[in-house]
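Structure first, then comments.
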Amino acid sequence: MNRMANDRSALEIYPGLATSDGAGVRLTRYIGSPQLDHLDPFLLLDFFQSDNPDDYIAGFPSHPHRGFETVTYLLAGRVRHEDSAGHAGVIETGGIQWMSAGRGIVHSEMPEQEAGRLAGFQLWVNLPAAKKMAAPRYQEFSSSEIPVESRAHGVEIRVIAGDTSFGTQGPVRDVSTHPIYLDIALPPGQSFCEPVPPDYAAFVFVIDGPLQICGRTAKEDMLTAARQLATLGPGDRVHLVAENSPARCLLICGQPLKEPIARYGPFVMNTREEVLQAAHDFQSGKF
Ligand code: MN
């Protein structure tokens, strides 16, 4: 393999924490947990996957957000969303919703199905202080609107956000933390290499594995299994190799904000006073 001295090694591997949220949706939390509180600018990552409607049918009824962005990416199933300003729609298999809550929205996220598989991710991306009170904004793309980059030997990359070194541009644009959000599929034994800015926080979530994360030296190579999250250390390139079975993973990177984080449930601001103000504004119907 073409190992390079600046390949980002896996720092830590996280198995995630089984929990439930909303009105009783079973999910696994990888970021925003006691093991990994945040990975600036990422505040939370949940993965959900079930064929049993009892695990998801209760959904996420009406709830607020302020000060950050929620990103929903569905691998299977359909989710209906509806907010207090009248914005509504359905996210379908392979679709993405990048919602910047800004100064505040109240919305619901409910399964648009009563049977079958529901699977996907919700990622929370922080906003800089200057954008926390901006107007809410949505970017929504269906599966067919997300470009698929085909590389040699059958490697395929769905480019959701960011530009790849091969020139594919993700449809999600103008996000403060300039994220890269890729869904990468590797045939057995094949590899994926991609430069990423050295100052970006980066992680890999393995959907189907195992997957090898190649480090600066052979000794630093780390084998990850399905449903594990690996945070990546310093370097300016990500290098992944599938083992003897097909592998699929998300590679997500973003520019750290390096600002104080004051967090209370669905409100993420810079100071405790701002969080209390958010709770007060929500309770007095100002969202
Ligand atoms: Mn929400």
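The values are calculated or read from the model by the stated rules, or taken from the named source; none is laboratory data. As the structure is a computational prediction, the values presented were derived from the model and not from experiment. Here Cβ is always computed from backbone atoms with ideal geometry, including for glycine, and neighbour counts include all displayed protein chains. Accessible surface areas use protein heavy atoms only, side chains included; no ligands, DNA or RNA. Shrake-Rupley method; radii C 1.70, N 1.55, O 1.52, S 1.80 Å.
Here are a few things to note about the model shown:
- Checking every residue in the range 99-122 against the condition of being open to solvent by 10 Å² or more (accessible area, probe 1.4 Å), at negative phi and free of Cβ contacts under 8 Å to residues at least 12 places away in the same chain gives zero matches.
Results for (1) among the aliphatic types (A, V, I, L, M); (2) touching a Phe, Trp or Tyr at 6+ places or on another chain (Cβ under 9 Å); (3) modelled with pLDDT under 95; (4) part of a strand (DSSP E or B), shown as yes or no for each residue.
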{"residue": "F48", "(1), (2), (3), (4)": "no, yes, no, yes"}
{"residue": "A58", "(1), (2), (3), (4)": "yes, no, no, no"}
{"residue": "S62", "(1), (2), (3), (4)": "no, no, no, yes"}
{"residue": "T72", "(1), (2), (3), (4)": "no, yes, no, yes"}
{"residue": "L75", "(1), (2), (3), (4)": "yes, yes, no, yes"}
{"residue": "E82", "(1), (2), (3), (4)": "no, no, no, yes"}
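- When each of A152, A185, A135 is tested for being open to solvent by less than 50 Å² (accessible area, probe 1.4 Å) and not hydroxyl-bearing (S, T, Y), the lone residue that passes is A185.
- Criterion (more than 16 Å from the ligand (Cβ to nearest atom), within 17 Å of the chain's Cα centre (by Cα) and outside any strand (DSSP E or B)) met by exactly one of G94, G86: G94
- Among the residues of the range 113-126, not a single one is away from the ligand (no atom under 14 Å from the Cβ), within 30 Å of L186 (Cβ to Cβ), part of a loop (DSSP other than H, G, I, E, B) and within 16 Å of the chain's Cα centre (by Cα).
- A residue that is out of contact with any Lys or Arg (no Cβ under 6 Å at 6 or more places or on another chain) and among the charged types (D, E, K, R) occurs nowhere in the range 92-101.
- Selection status of M110, out of contact with any Gly (no Cβ under 7 Å at 6 or more places or on another chain), modelled with pLDDT of 95 or more, within 15 Å of the ligand (Cβ to nearest atom) and in a strand (DSSP E or B): no
- Annotation: of all residues in the range 57-76 being over 27 Å from G254 (Cα atoms) and open to solvent by 10 Å² or more (accessible area, probe 1.4 Å), the one that is farthest from the ligand (Cβ to nearest atom) is I57.
- Those strands (runs of 3 or more DSSP E) of the range 159-226 in which 2 or more residues are closer than 29 Å to S50 by Cβ occupy 180-186, 201-208, 211-213, 222-224.
- Within the range 240-264, the set of residues being open to solvent by 30 Å² or more (accessible area, probe 1.4 Å) and in a strand (DSSP E or B) comprises R248, R263, Y264.
- Restricting the range 155-177 to residues that are among the aliphatic types (A, V, I, L, M) and within 23 Å of L240 (Cβ to Cβ), the residue that is surrounded by the fewest Cβ atoms within 10 Å (Cβ to Cβ) is V155.
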